[in-house]
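Since the structure comes first, as C-alpha cells, the remarks are kept for the end.
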C-alpha cells in the first residue's frame, strides 16, 4: 500500500513540475513559488506539501520552451539580449551586469531586462537618467545573501524602446558578492557586456552553421 501511495505521489509531483513550467511559459508567471501554487490548485492538490523544487521547475521550463516555443522564444530572447547590450553600453560607467532569464536563456516576450549596476548611491543612477530626460520609477527589492541574510536594494525601472529595463543598485562592493538565485540558492549568475556580446556572436555562428534547406 505504501509503495502505491509513493508512486502516486511521484506522479503528482511530476505533473506539478510540468504544469508549473507550462504556467511560467504560457502565462508569464515569473515567480517559481507562485507557479507551483497555481499548478497545485489546478491539479486538485492545493494542500500538498510535496511541491517540487524551483530547480526542477526551471529545468522543465527550459525543456517546455525547447519543445513547444522553439524559434519563437529564441527570437524574443535575441531581441532582449540585444536590448540588454544597448542598455549595458549606456550604463557603462556603473559596470552593469546582466542577470535573470535574459542571461539564462528562458526569457520570452513578457520579460524585462534585468541589470545589476554599481554606484556609491542610488541617486547617481537617477541623476544620470534625469540629465538625459529619461522618465523612471523607483522601488525596492528584497534579496538574499548567504544562507539567511536578507537585504533591501533600490530598484530603478524605465522603458527603452519596446522593453522595460530593471536596474537593481548595489554599492561598488556589491560586485564581490552576488545575491542568491531563487532557482537554486547559489550566487546569482552575472554577465558583463563582453560576455553578453559573446552570447549573441555565438548565436550568429550557430545560425550560420545550420544547413540550408530549400
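Determine whether residue 19 is assigned to a loop (DSSP other than H, G, I, E, B) and touching a residue at least 24 places away in the same chain (Cβ under 8 Å). Talk me through it step by step, then tell me what you get.
Details: assigned to a loop (DSSP other than H, G, I, E, B): no; touching a residue at least 24 places away in the same chain (Cβ under 8 Å): yes.
In short, no.
In this structure, does residue 141 turn out to be surrounded by fewer than 18 Cβ atoms within 10 Å (Cβ to Cβ), out of contact with any helix residue (DSSP H, G or I) (no Cβ under 8 Å at 6 or more places or on another chain), in contact (Cβ under 8 Å) with a residue 24 or more places away in the chain and in the same structural domain as residue 83 (by TED's automatic domain parsing)?
Details: surrounded by fewer than 18 Cβ atoms within 10 Å (Cβ to Cβ): yes; out of contact with any helix residue (DSSP H, G or I) (no Cβ under 8 Å at 6 or more places or on another chain): yes; in contact (Cβ under 8 Å) with a residue 24 or more places away in the chain: yes; in the same structural domain as residue 83 (by TED's automatic domain parsing): yes.
Yes.
Based on this model, can you work out whether residue 12 counts as more than 20 Å from residue 141 (Cα to Cα), in a helix (DSSP H, G or I) and either assigned by TED's automatic domain parsing to the domain that holds residue 188 or touching a strand residue (DSSP E or B) at 6+ places or on another chain (Cβ under 6 Å) (or both)? Explain how you work it out, then say what you get.
Details: more than 20 Å from residue 141 (Cα to Cα): yes; in a helix (DSSP H, G or I): yes; either assigned by TED's automatic domain parsing to the domain that holds residue 188 or touching a strand residue (DSSP E or B) at 6+ places or on another chain (Cβ under 6 Å) (or both): no.
Considered against the rule, which asks whether it is more than 20 Å from residue 141 (Cα to Cα), in a helix (DSSP H, G or I) and either assigned by TED's automatic domain parsing to the domain that holds residue 188 or touching a strand residue (DSSP E or B) at 6+ places or on another chain (Cβ under 6 Å) (or both), residue 12 comes out as no.
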Legend entry - residue 30 being under 30 Å from residue 121 (Cβ atoms) and surrounded by fewer than 20 Cβ atoms within 10 Å (Cβ to Cβ): yes
Inset, instruction - Give just the number: which of (1) touching a helix residue (DSSP H, G or I) at 6+ places or on another chain (Cβ under 8 Å); (2) outside any helix (DSSP H, G or I); (3) more than 24 Å from residue 142 (Cβ to Cβ) does residue 44 not satisfy? - result: (1)
Legend entry - Where a residue in the range 146-167 is at positive phi and its partner, wherever it lies, is surrounded by 13 or more Cβ atoms within 10 Å (Cβ to Cβ), with Cβ under 8 Å and at least six apart: 146/180; 161/83
Legend entry - Those residues of the range 180-191 which are over 23 Å from residue 21 (Cβ atoms) and surrounded by 14 or more Cβ atoms within 10 Å (Cβ to Cβ), in sequence order: 190, 191
Legend entry - Pick from the range 102-158, criterion closer than 15 Å to residue 187 by Cα and in a helix (DSSP H, G or I), ranking: modelled with the highest pLDDT: 103
Legend entry - Any hit, the range 73-89, residues being out of contact with any helix residue (DSSP H, G or I) (no Cβ under 8 Å at 6 or more places or on another chain), in the same structural domain as residue 167 (by TED's automatic domain parsing), within 29 Å of residue 199 (Cα to Cα) and assigned to a strand (DSSP E or B): no
Inset, instruction - List the number of the failed condition for residue 125; all other conditions in (1) surrounded by 19 or more Cβ atoms within 10 Å (Cβ to Cβ); (2) within 24 Å of residue 199 (Cβ to Cβ) hold. - result: (2)
Legend entry - Boolean, residue 24 is surrounded by 21 or more Cβ atoms within 10 Å (Cβ to Cβ), assigned to a helix (DSSP H, G or I) and over 14 Å from the mean Cα position of the chain (by Cα): no
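The values are calculated or read from the model by the stated rules, or taken from the named source; none is laboratory data. Nothing here was measured: the structure is a model prediction, and the numbers come from that model. Cβ atoms come from the backbone with ideal geometry, glycine included; neighbour counts cover every protein chain shown.
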